[in-house]
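Step one of this worksheet: look at the structure below.
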Amino acid sequence: MADYIPGSDDRLSYWLDRYLAGATENATVLELGPADLTALGARITDFKARLATCGTTEAAARAATAEKKNSRRLVEQMVRTLSKRFTTLPGFTQALAELLGIVAPAAGGGGESGPPPDAKPELKGAPLLDGAAEIKFTKGDSDGVNLYSQLEGETDFSFLARDTHSPYVDNRPLRVAGKPERRKYMARYLKNDQEYGTDSDIITVTCSP
């Protein structure tokens, strides 16, 4: 199944400009308020900034790439949610879909085709000794997964690791020695170093000393 969101980061950057321009021009029909457009613009700006910093020194580039990947995941989430909402509106037309660039090209028709856009990993977690956690994931036809984690008190998921073979062992030390903590995990599939599909269901593991 083809997907309308480009796979490469550079193409996505140009595509997002088109998407934002089309959404802004047709904000009334798409029932988008100033807050919606501001949030979308901020998310796009963040992704472009992360992408621009990926070409720095090797150590900095690894960190910048992880941040960029997380930013891409967030902007894709926002775009897919908005686009799904648009299709339910009475004023939405095929012409608007083409203007926004949310018509998936047919496979073999010159556009990008690839893994199913709705594929998602399945996760299972279990606590290990010394505060560690084991995360098992389904791989399917993917190259692996990007894993994200959220600790108690945090408001968002952060990139944790890329893994090509299940299971992954999270051996980060407990933030407070001797005190159990709950960690949430989520993952996305990878193909050719690009994330695809949707977020996995979130699992929670209680890590103990």
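The values are calculated or read from the model by the stated rules, or taken from the named source; none is laboratory data. Because the structure is a prediction, the values reported are computed rather than measured. No Cβ is skipped: glycine too gets one built from the backbone with ideal geometry, and neighbour counts run over all protein chains shown.
From the list ILE44, ILE5, the lone residue that is within 21 Å of the chain's Cα centre (by Cα), over 19 Å from TYR196 (Cβ atoms) and either without any contact (Cβ under 8 Å) to a residue 40 or more places away in the chain or surrounded by 14 or more Cβ atoms within 10 Å (Cβ to Cβ) (or both) is ILE44.
When we screen GLU154, GLU195 for residues that are under 24 Å from GLU67 (Cβ atoms), out of contact with any Phe, Trp or Tyr (no Cβ under 9 Å at 6 or more places or on another chain) and of a type in the set (D, E, K, R), the only hit is GLU154. Residues that are surrounded by fewer than 21 Cβ atoms within 10 Å (Cβ to Cβ) and under 17 Å from GLU154 (Cα atoms) within segment 184-193 comprise just one, LYS184.
Taking each residue of segment 132-143 that is in contact (Cβ under 8 Å) with a residue 12 or more places away in the chain and under 23 Å from ASP193 (Cβ atoms) and looking for partners that are of a type in the set (Gly, Ala, Ser) and part of a loop (DSSP other than H, G, I, E, B) with beta-carbon atoms closer than 6 Å, six or more apart or interchain, yields LYS136/SER166; PHE137/SER166.
Remark: GLU181 matches the filter, which requires a residue to be surrounded by 16 or more Cβ atoms within 10 Å (Cβ to Cβ), more than 21 Å from LYS69 (Cα to Cα) and assigned by TED's automatic domain parsing to the domain that holds ASP130. Taken across segment 183-192, residues that are in contact with a Phe, Trp or Tyr (Cβ under 6 Å, 6 or more places away or on another chain) and aromatic (Phe, Trp, Tyr) do occur, with at least one present.
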